[in-house]
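Worksheet: the structure to be examined is printed underneath.
The values are calculated or read from the model by the stated rules, or taken from the named source; none is laboratory data. All of these numbers come straight from a predicted model, not from anything done at the bench. Positions of Cβ are generated from backbone atoms using ideal geometry, with glycine treated the same way; all protein chains shown enter the neighbour counts. All accessible areas refer to the heavy atoms of the entire protein, side chains included, with ligands and DNA or RNA removed. Shrake-Rupley method; radii C 1.70, N 1.55, O 1.52, S 1.80 Å.
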Amino acid sequence: MQESLETIKTELGERLRFEELLSNISSRFVNIPPDRVDSEINRALKEVLEFFRVDRVSLLRVLPRDSSFRITHVASAEDLPPVPVGVEVPQSLYPWSYNKVVREREVLSLHRLDDLPAEANVDRQSYIRTGVRSTLDIPILIAEPVGHVIVMQSLKSERLWQGEFAPRLRLLGEIFANALERKEIRLEVEKHRRFELLI
């Protein structure tokens, strides 16, 4: 009984710390200037990586026309090689995962590669090649279709993902996506203003 009370206290404490982290990150995105959006997203991903003690946290943009993902922001553990930002990852490398996350708009919570179904063999081989042992992929549902995905990965060991954090991480992804959209709009407005001045 005492042990279960301690477990509950620990879990509640962890949730409270995560809510505080989310609150702190959210406040930094209020009225953020366009030139700080990318650096703040990178900083936030690093904080999420440290909180969950995972090996990599990424924000991907879904490119529906090309059926691919583009890595836009990433935080990695210091002892891992960096992942290049801007790289496009074709759907053909992760067809089963792409379908689940982008088309079916479901959270992909993969504790170990053995949990993948037989029809996900292409995905399994891609995860093995990239050293991923566990992944949590969360679609960001600002609009149709899915525009972004937050991906948390464990490379050094298998990881059991706690499901209650997924909705809050989705909220964080929505904050990122909204900030990126506002940045694009502001940059477009500034571009038009400069063009009008030239005419």
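Test of understanding: among LEU180, LEU172, LEU80, LEU113, which residue is over 19 Å from ASP55 (Cα atoms) and either open to solvent by less than 50 Å² (accessible area, probe 1.4 Å) or among the aliphatic types (A, V, I, L, M) (or both)?
LEU180
Only one residue in ALA44, ALA75 is open to solvent by less than 60 Å² (accessible area, probe 1.4 Å), part of a strand (DSSP E or B) and farther than 18 Å from TRP161 by Cα. Which one?
The conditions single out ALA75.
Exactly one condition in (1) touching a Gly at 6+ places or on another chain (Cβ under 9 Å); (2) farther than 21 Å from ASP66 by Cβ is not met by TYR127; state its number.
The failed condition is (1).
Filter the range 12-23 for residues that are free of Cβ contacts under 8 Å to residues at least 12 places away in the same chain and open to solvent by 80 Å² or more (accessible area, probe 1.4 Å); which is farthest from ALA75 (Cα to Cα)?
Checking each candidate, the answer is LEU12.
Looking at this structure, is GLU3 farther than 18 Å from GLN162 by Cα, out of contact with any Gly (no Cβ under 7 Å at 6 or more places or on another chain) and modelled with pLDDT under 90?
yes
I'd like to check something: does the range 129-152 contain any residue that is touching a strand residue (DSSP E or B) at 6+ places or on another chain (Cβ under 6 Å) and surrounded by fewer than 17 Cβ atoms within 10 Å (Cβ to Cβ)?
No, the range 129-152 has no match at all.
Looking at SER4, SER39, SER26 in this structure, which one is in contact (Cβ under 8 Å) with a residue 24 or more places away in the chain, over 19 Å from GLN153 (Cβ atoms) and either open to solvent by less than 80 Å² (accessible area, probe 1.4 Å) or not in a helix (DSSP H, G or I) (or both)?
SER26
Would a scan of the range 95-102 turn up a residue that is closer than 21 Å to SER157 by Cβ and either surrounded by 12 or more Cβ atoms within 10 Å (Cβ to Cβ) or among the aromatic types (Phe, Trp, Tyr) (or both)?
Yes - at least one qualifying residue is present in the range 95-102.
Restricting to the range 78-117, name every residue that is in a loop (DSSP other than H, G, I, E, B) and either among the aromatic types (Phe, Trp, Tyr) or more than 28 Å from GLU47 (Cα to Cα) (or both).
Matches in the range 78-117: TYR94, GLU104, LEU116, PRO117.
Output yes when any residue across the range 55-66 is open to solvent by less than 70 Å² (accessible area, probe 1.4 Å) and more than 30 Å from ILE185 (Cβ to Cβ), and no when none is.
There is at least one residue in the range 55-66 that is open to solvent by less than 70 Å² (accessible area, probe 1.4 Å) and more than 30 Å from ILE185 (Cβ to Cβ).
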